[in-house]
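Chemist: Sharing a structure here in structure tokens format.
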Amino acid sequence: KAREKGGLAAVARAVRYEFLASVAKEYLAASGKRPAVCIVTAPPASDQAETFLLRVLRGAGGTGLGGIPPRRRLPGGAFVVRPMLGLTRDDVRAHAARFDLRWREDPSNESRARARNRIRHDVLPVLVALQPEAERLLARAATRAAEADRIVTRVGLRAFRKVAQSAADGLVLLDRKA
């Protein structure tokens with residue numbers, strides 16, 4: 001079943017966000033107020049580049065090519081924000097070294113059994129050798145795809161609203177003259 005939903009990583013991510021949303025909901029309930037709750041995660045531009053390439057290879061459309069959104073609302077009202085999407089993994093490692101922070105790597109990231117890791121270890125280094133800014137440029141392409149998808153969706157909805165008419169039986173009729 002995990003494979004049907006995008007694999008084990010997707011299932012783990014869904015469970016993680018469900019947990020974070022429940023913690024945020026408890027916090028909001030305990031505070032008695034409606035403060036904005038932001039959960040900060042830190043995927044870098046390198047992850048965005050990997051996501052973009054994976055989705056290109058899967059034939060994704062505009063929404064999929066948009067990759068990892070910089071901000072997303074969770075059920076219950078909390079937001080997930082990702083402020084490091086503009087930094088590469090090397091940028092983050094350099095920052096950690098500069099401040100003598102210990103870097104921790106999930107050992108599963110080394111296994112080439114997963115497509116993402118093959119892209120990380122085999123494909124991206126070749127692209128970076130051809131174009132040193134490849135990770136940032138691929139991440140920027142994902143951002144542009146997301147922006148284009150939002151524009152197309154917004155314009156499409158506006159056009160639909162101009163021609164759509166509700167019918168009594170729950171159907172939507174389109175006015176071709178509108």
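Chemist: Find the Rg to Rh ratio for segment 109-178, where Rh is the Kirkwood radius over alpha-carbon pairs and Rg uses the same atoms.
Modeler: Values: Rg = 21.9 Å, Rh = 16.1 Å.
Value, to two decimals: 1.36.
Chemist: Each label point is 7 Å from the Cα along the Cα-to-Cβ direction; what then is the distance between the points at residue 117 and residue 162, in nm?
Modeler: Taking the simple label geometry, residue 117 and residue 162 are separated by 5.2 nm.
Chemist: Next question, about the same structure. Over the chain, what is the relative contact order in percent, taking alpha-carbon pairs closer than 8 angstrom and at least six residues apart?
Modeler: Across the chain, relative contact order equals 24 percent.
Chemist: Under a point-charge model restricted to the Cβ atoms of Lys and Arg (+1) and Asp and Glu (-1), what is the dipole moment magnitude of segment 25-178 relative to its Cα centre, in debye to the nearest 20?
Modeler: 600 debye
Chemist: I would also like to ask the following. Tell me the angle of helix 45-57 to the major Cα principal axis of the chain, expressed in degrees between 0 and 90 and rounded to the nearest ten.
Modeler: Roughly 60 degrees between the two axes.
Chemist: If you don't mind, there's one more thing I want to ask. Where does the chain land on Rg(C-alpha)/(2.2 N^0.38 Å)?
Modeler: 1.30
Chemist: Kindly sort 79, 99 by accessible area of their heavy atoms, largest first, with the probe set to 1.4 Å.
Modeler: Largest to smallest exposure gives the sequence 99, 79.
Chemist: Tell me, what HN-Hα J-couplings in whole Hz come from the Karplus equation 6.51 cos²θ - 1.76 cosθ + 1.60 at θ = phi - 60° for each residue of segment 83-99, using x for Gly and Pro?
Modeler: x, 9, 5, x, 10, 7, 4, 5, 4, 5, 4, 4, 4, 4, 5, 4, 9
Chemist: Quick one: accessible area per residue over segment 1-145, 1.4 Å probe, rounded to a whole number of Å²? Write out the running numbers ahead of the final one.
Modeler: On the way: 9590 Å² over 145 residues.
Ligands and nucleic acids excluded, the result is 66 Å² per residue.
Chemist: Still on this structure: At q = 0.11, 0.17, 0.23, 0.26 Å⁻¹, what is the log10 ratio I(q)/I(0) for segment 74-152, with the Debye formula run over Cα points and no solvent?
Modeler: Debye output, listed in q order: -0.44, -0.99, -1.24, -1.23.
Chemist: Once neighbouring chains are kept in place and the probe is 1.4 Å, which whole percent of the accessible area of segment 68-121 is contributed by carbon and sulfur?
Modeler: The computed percentage sits at 54.
Chemist: What list of ³J(HN,Hα) couplings, whole Hz, do you get for segment 104-121 from phi and the Karplus terms 6.51, -1.76, 1.60, once you set θ to phi - 60° and write x for glycine and proline?
Modeler: Result, rounded to whole Hz: 10, 10, 5, x, 5, 5, 8, 6, 7, 5, 9, 4, 4, 5, 5, 5, 4, 8.
Chemist: Could I ask something else about it? Can you list the residues, at least 5 places off or on another chain, whose amide H is less than 5 Å from the amide H of residue 164, using H built in the peptide plane?
Modeler: 175
Chemist: Okay, next question. Karplus couplings for segment 58-65 from phi (6.51 cos²θ - 1.76 cosθ + 1.60, θ = phi - 60°), rounded to Hz, Gly and Pro as x?
Modeler: Per residue, the Karplus-derived 3J(HN,Hα) values read 8, x, 5, x, x, 4, x, 5 Hz.
The values are calculated or read from the model by the stated rules, or taken from the named source; none is laboratory data. Small disclaimer: the values here were computed from a predicted structure and weren't measured. All Cβ positions, glycine included, derive from the backbone under ideal geometry; neighbour counts span all protein chains shown. Just so you know, the surface numbers come from the protein's heavy atoms only, side chains and all, with ligands and any DNA or RNA stripped out. Shrake-Rupley method; radii C 1.70, N 1.55, O 1.52, S 1.80 Å.
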